[in-house]
Every structure is written in C-alpha cells, then in structure tokens.
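A short worksheet on the structure shown next.
The values are calculated or read from the model by the stated rules, or taken from the named source; none is laboratory data. Computed from a predicted model, the values in this text were never measured in an experiment. Cβ sites come from the backbone with ideal geometry, for glycine too, and all protein chains shown count toward neighbours.
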Amino acid sequence: MLRLALYQPDIPQNAGTMLRMAACLGLPVEIIEPAGFDVSDRHLRRSGLDYLDHVAITRHRSWSAFEAWRHEAGIRLVLATTRGALPYTDFAFAPDDCLLMGRESAGVPEQVHAAADARIVVPMRPGMRAINVAVCAGMIAGEAIRQTGADVNLAELTRRPADGKA
C-alpha cells in the first residue's frame, strides 16, 4: 500500500496538514522520530484536528528502527528532495512505495539520501529554495495515486457539486 513517511518533522502545523491529507486519501503515515515537537496524541490532535481518527499512524523511534521495519517489509523508499534530479512527474511510482518527506528546516542527512531507493524533485523556478513540505507531499502523493491507481475513489470525489452536497 502506498504510504507517506515524515522524517523528524519539526513544524506541527505542516505535520498536521500532511496527516489530514493522508486521512482524506487513505494513506498510512510513518513518523520517524525524534520530531521537533511532542508527537503524543494530544499534540498531534491539535495540528491534525479530528482527521487523526481516520489515519493509520506508526511511530518509529529512530531512523534505524524505521529502516529495519522497511527492509523487513520490502518497501521501496522514494525521497522527495531539492537535491533530486528526476522530476516527480517522470518517476514511475509503484503501489507499495513509501514517500519520504524531510524536515522542514533541514531536509534529511546524507545517510538518508544514501538509503533512498529513488530521489525525486518537484521542479521549481530558479532561485527558489523550496516548496512547503506539506504542499510538496500533496503534489507527489497525488501523482503517485494517479499512476498506481491506489485505492482512492477520486472519481467519486470529483463528481460532487461545488457546494459539496451529494
């Protein structure tokens, strides 16, 4: 199953936005600690609101714990990075990929870059530093779902009238 991983998130509002997106799209989320804030249910609820009841969250105490889990499960790791060479729209996603988003303040360390099976980028205009990590996660997850036909009924979502009433 396609999933989203957050590497040591340090801005609760961005983490909350990504958790809400994952809940809406049915993506499980892996949180790789330590985070820059307390990721207890109380703190996550503040940023993820009532959406947290609808997302499967697994907390990994460290990068090495996450890597052990990932290797045992045979999951391919796709890293979103400004240092990537391949645009995310040119990448061939697989249904069981894990989409890894780095820290808002620092990205990921070299060992994480080295461990990734693929490194993709959201192309930007020259001179721009980075797109917000939650926006980037949404763009990449949307493309991965489009390519893989992940179990999200987007056709049903797009048939609703503009007022949201069925």
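Key figures
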{"item": "Qualifying residue in the stretch 88-100 (condition: within 14 Å of the chain's Cα centre (by Cα) and either polar (S, T, N, Q) or closer than 17 Å to residue 10 by Cβ (or both))", "result": "yes"}
{"item": "Single condition residue 129 does not satisfy, out of (1) modelled with pLDDT under 90; (2) farther than 22 Å from residue 15 by Cα", "result": "(2)"}
{"item": "The lone exception for residue 71 - which of (1) surrounded by 14 or more Cβ atoms within 10 Å (Cβ to Cβ); (2) modelled with pLDDT of 90 or more it fails", "result": "(1)"}
{"item": "Hey, residue 5 touching a Cys at 6+ places or on another chain (Cβ under 8 Å) and at pLDDT 95 or above or not", "result": "yes"}
{"item": "Cross-chain or 6+ apart pairs with Cβ under 8 Å, the stretch 59-70 first and outside any helix (DSSP H, G or I), then among the hydrophobic types (A, V, I, L, M, F, W, C)", "result": "59/31; 59/39; 60/31; 60/32; 60/66; 60/69; 62/32"}
{"item": "Inter-residue pairs, beta-carbon under 8 Å, first polar (S, T, N, Q) and in the stretch 73-89, second in a helix (DSSP H, G or I), 6+ apart", "result": "81/113; 89/143"}
{"item": "Qualifying positions in the stretch 112-126 - of a type in the set (D, E, K, R) and closer than 15 Å to residue 70 by Cβ", "result": "117"}
{"item": "Whichever residue in the stretch 1-28 is part of a helix (DSSP H, G or I) and in contact with a Ser or Thr (Cβ under 7 Å, 6 or more places away or on another chain) and, among such residues, is surrounded by the fewest Cβ atoms within 10 Å (Cβ to Cβ)", "result": "13"}
{"item": "Subset of the stretch 120-140 that is small (Gly, Ala, Ser) and touching a residue at least 40 places away in the same chain (Cβ under 8 Å) - its residue that is surrounded by the most Cβ atoms within 10 Å (Cβ to Cβ)", "result": "137"}
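Matching residues to (1) at pLDDT 95 or above; (2) surrounded by 14 or more Cβ atoms within 10 Å (Cβ to Cβ):
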| site | (1), (2) |
| --- | --- |
| 44 | no, yes |
| 54 | no, no |
| 118 | yes, yes |
| 143 | yes, yes |
